[in-house]
Structures are given as C-alpha cells and as structure tokens.
Amino acid sequence: MAFQQALPPRVRWEAEGSSHPFRSRSPAPRAAASTLTRGSGPASAIAGSRQGCRAGSIQIPRTRWRPRRSNGLKRRAALLLFAVTVVGILVLAVAVNLPNLVSRTSNPPPPPPPAAPQCKASQGLCIERTVTRVIDGDTLDVEGSLRIRLVLVDAPEPSQAGGSEAQGVLTSLCLGKLALIDEDDFQIGADPYGRVLAVVHCGGANANAAMISSGLADTYYEFCSASEFGNEAWTGCSSPPPPPSGDCDAAYPDVCIPPPPPDLDCIDVPHRNFRVLPPDPHRFDSDRDGVGCEG
C-alpha cells in the first residue's frame, strides 16, 4: 500500500484498475487489440494505439501521418529557371548585336564596282600598263617603252590649232592611270612608226571614244574599213563625211587625192586602206580588192 501511494497518480490509478477521474474507463485490452487489428487507415491505428497504451498492453509511438509530396513542383521550378535563363541569354545577344544590325540597315553595302572592260579579241596585245606620258591628243606612252596610237582617232599636233587642248584632255583622262591596251587585230604591225594601234581604256573609260566625242579629235575615216573596231558606234565610221571639195579624184571618194599628173604612189600620200573605185589612175589598188594602199 505504501508502494502504491509513492507512485504517480496515473500509474497508481492504472495499477488499482481505476480510471482517470476526468476520463471514462477505457475498453478492455483484448477489445483494444482486436480493434487495432481489424481496423484500417491512419485514424483507426492511432485510436487503437491510444486505447492499448491506456490498457498497458501495447506500446506504439505516436506519429503524425504526412502525405508524400509530389516531385511535380520541383520539375516545374527547374523548367521555369531554364526558360528564364534562355530568355536572358537571347536578350543579351540582341542587346550586343543591336548596334551592328542598325548600322547594316542604315548603311547598306556599296554596289560592286563595274566589271573591267575586256579585249575584243586576243590576236594582238591585250595588256594593262600605267600611262607614263601623253605625246599629243592621239598618242601616249605606257610602261615597258611602248608607244600607243589611238586607232581611228585623228587629233591635231600640239603645234596646230586645238592641239594643246586635245593633249590636255587625253592627259587628264589617262596620265598616271592603269590602262588596258586592246590592239587592233586587223592592223598588227601596220603603223609605219612602230606604234601599237589600239583602243585604250583608262580607268574603265574608252579614251578613243572620249577624244572623238569631245570634238577635239576627228574620226580617221581612211582606216575605218581596215580596223577591227570600224563597225563600232563610237568610231563614227558608219556615217563618213562627204568627200572634201577641191581638186580631188573621184576614184578615191573618201579621201582627197588629186588626179595625175603627177603619178603618185602610196608613199606619197598620208592615207591608208581607203576605198578605191575604177579606174584608179594612181594604181593604189594593186590587187584590185577595192582598198588602196593596204598595210
């Protein structure tokens, strides 16, 4: 009896078989165990454990049931972080390249330069040389000690009227520039002074055509039929001027050559490759092909 009085009230009440003064008597231990065994679910287990603990037959620790968390939240958070990172990288890339995009839009690239002129054929010279000297309105020198005569161009000499002006135009057009020399394939080696008869392109411009169109040089009509370039529009060969007035023989309608006497040879006239009609009193057309003083 003294031992039971020394126990705590709850233990003493259980030892005496009495219930807590503020609670109703618990069911029998066997019934509590049966209830725990047949019951199902967390609530039934917790109720059974409490009844067993009060009966002193089963000791089950009290636990709080928590539902298992889904991994969906973690996946959504990871996807959201990835999307934010990608968007940030794209925004940074656009911000870095925006000045370049604006400059390209406002300043379009310049158009490509025009294609360089090409030689009409390849039998004669087709070279590029820098013009080193301008002799007059239809003759110039290039690198390599070559003297070029602008074919089908007839400019006055510097000492004649208009000669210095023609020389000045050709100088401003070609001197010091890289020139394309396109030799006349039909008159290779035909110049009596050893010059190369050619069309000269200075800086992409046809210098022969420029001199004729300037009015400071004339078309050299005597050589239209003999030149490779005689059928090109810039030469003016398609519309020759009327024959000169004066004492000119009608057998040579494109040039002015007086009739005999005296009898003239090709060495006595400045013209080459001109048209000859019968009876050809000077016999300039020795092979009777209609062209006088060929070569």
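The values are calculated or read from the model by the stated rules, or taken from the named source; none is laboratory data. In this text the structure is predicted, and so the values were computed from the model without any measurement. With ideal geometry, Cβ positions are generated from the backbone for all residues, glycine too; neighbour counts draw on all protein chains shown.
Below are the figures for this structure:
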{"quantity": "All positions within the stretch 256-275 that are surrounded by 13 or more Cβ atoms within 10 Å (Cβ to Cβ), assigned to a loop (DSSP other than H, G, I, E, B) and either in contact with a Lys or Arg (Cβ under 9 Å, 6 or more places away or on another chain) or charged (D, E, K, R) (or both)", "calculated": "272"}
{"quantity": "Test: residue in the stretch 109-121 that is at pLDDT 75 or above, closer than 22 Å to residue 144 by Cα and out of contact with any helix residue (DSSP H, G or I) (no Cβ under 8 Å at 6 or more places or on another chain)", "calculated": "yes"}
{"quantity": "Among (1) closer than 19 Å to residue 130 by Cα; (2) among the aliphatic types (A, V, I, L, M); (3) under 38 Å from the mean Cα position of the chain (by Cα) - the single one residue 196 does not satisfy", "calculated": "(3)"}
{"quantity": "Filter pass, residue 253 being over 56 Å from the mean Cα position of the chain (by Cα), surrounded by fewer than 21 Cβ atoms within 10 Å (Cβ to Cβ) and not hydroxyl-bearing (Ser, Thr, Tyr)", "calculated": "no"}
